[in-house]
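In what follows, a single structure is set out as structure tokens and then discussed.
The values are calculated or read from the model by the stated rules, or taken from the named source; none is laboratory data. Bear in mind that the values here come from a model prediction, so they are computed numbers and not experimental data. Every residue, glycine as well, gets a Cβ built from its backbone with ideal geometry; the counts of neighbours run over all protein chains shown. All accessible areas refer to the heavy atoms of the entire protein, side chains included, with ligands and DNA or RNA removed. Shrake-Rupley method; radii C 1.70, N 1.55, O 1.52, S 1.80 Å.
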Amino acid sequence: MITLRKLESLEDKVCARKTAIVLHEAALGLFDERPVDYGYIRSLREVFALSKVRELLSEDERHRLDDLSVSMERERGRDLAFVLEDVSQLLFAVLGAEPSDWDFTDRNGNLDVRKRIVKPHGLVLDRLRSPFNVGSVFRSADSFGIRDILLVEGTADPAHPRCVRTSRGTVDTVSHKMLDEGESMAFLKDKPVFALELGGVDIHAFPFPSEGYAVIGSEEMGVSPALLSLCDHSLGRVSIPLCGTKGSLNVSVAVGILLYNWL
């Protein structure tokens, strides 16, 4: 186990992440009734007092952490497991990276890009405004082997805190760049490209290319005329059949369906 001295020597976010990982692993051990060093677990409370950790927290989060710290001293067994998991998830949430126990992480607790299976598939996000939607698209892109994402100027910044949090760290695992529409058109000019749009070929019959780019339009206006024309002169449009009263799906949900079918 990592020592308290080592934790105290780490940069603030790394210290918080390492502590979160240790607590998460300890919680799983307690829940499975494996032998656990209670003394070591409780000694981790000292890390919570470090300014490098507390400076990452809001006032409400500090109060929450202090309450949980008290519970760490009092509880045992599976009751303590839930307390440790609460502390772990609080720290992960503050870091904007809430990895689950099945995530592939490296020794620093970051998502391990070496575990990704990357396909020659790319996405073009054409002015997606919501950072929540952009973050969700990144998470699906990571899962379904997307090589890179081109963000057309006007799309929410992947560095936006809401995007980072929703992506669960995948803004750091999928290559991406921001270009204006003219630069985007030049980049895509000689590449296989298709649009996810209404009025296209049913997704079950669409001839997905072995490589290329899928263009995803904005939440309200869809794909821009210029990019749509480029797609129509290349591979065309693909559509998802619907059975409900709504005329369209949330864009991040639609992208998930598209990427699964393409993979």
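Things worth noting here:
- Dipole magnitude of region 126-246, debye to nearest 20 (Cβ charges: Lys/Arg +1, Asp/Glu -1, about Cα centre): 400 debye
- The chain: relative contact order as a whole-number percent, Cα under 8 Å and 6+ apart: 16 percent
- The length gained by stretching the chain between E46 and T3 to full extension, at 0.36 nm per residue less their Cα-Cα distance, is 14.3 nm.
- Carbon and sulfur %, accessible surface of region 9-73 computed with the full protein complex present, 1.4 Å: 49 percent
- Counting only DSSP H runs of at least 4 residues, each contributing -39500 (n - 2.57), and dividing by the residue count of the chain, the helix-based mean residue ellipticity at 222 nm comes to -14000 deg cm²/dmol.
- Global form of region 185-251, assessed from the alpha-carbon gyration tensor, a/c cut-off 1.5: oblate
- Rounded if a/c under 1.5, otherwise prolate or oblate - the chain, Cα gyration tensor axes: prolate
- Antiparallel bridges, percent of DSSP beta bridges restricted to the chain (to nearest 5): 5 percent
- Simple spin-label estimate for D112 and L249 gives 3.1 nm between the two label positions (7 Å along the Cα-to-Cβ direction from each Cα).
- Residue among L123, L44, L91 with the largest mean-square fluctuation in a Gaussian network model of the chain, springs linking Cα atoms under 10 Å: L44
- Mean Cβ neighbour count within 10 Å, used as a protection proxy, ranking 55-68, 163-176 highest first: 163-176, 55-68
- Shape of region 142-263, Cα gyration tensor, a/c cut at 1.5: rounded
- Relative contact order (%) - criterion: Cα under 8 Å, at least six apart; region: region 110-263: 28 percent
- For region 1-69, the relative contact order is 37 percent, taking Cα pairs closer than 8 Å that sit 6 or more residues apart in sequence and dividing their mean separation by the residue count.
- Counting lysine pairs in the chain whose alpha carbons fall under 25 angstrom apart, excluding pairs fewer than 8 residues apart on the same chain, gives 12.
- Highest mean first, the peptides 28-41, 223-236, 137-150 sorted by other C-beta atoms within 10 Å per residue fall in the order 137-150, 223-236, 28-41.
- In a reduced charge model with +1 at each Lys and Arg Cβ and -1 at each Asp and Glu Cβ, the chain shows a dipole moment near 420 debye about its Cα centre.
- In this label model, E61 and V201 are separated by 4.7 nm, measuring between points 7 Å along each Cα→Cβ vector.
- Residue-normalised accessible area of the chain, given per residue in Å² at a 1.4 Å probe: 53 Å²
- Counting 0.36 nm for each residue step from K119 to R74 and taking away their Cα separation leaves a gain of 11.2 nm.
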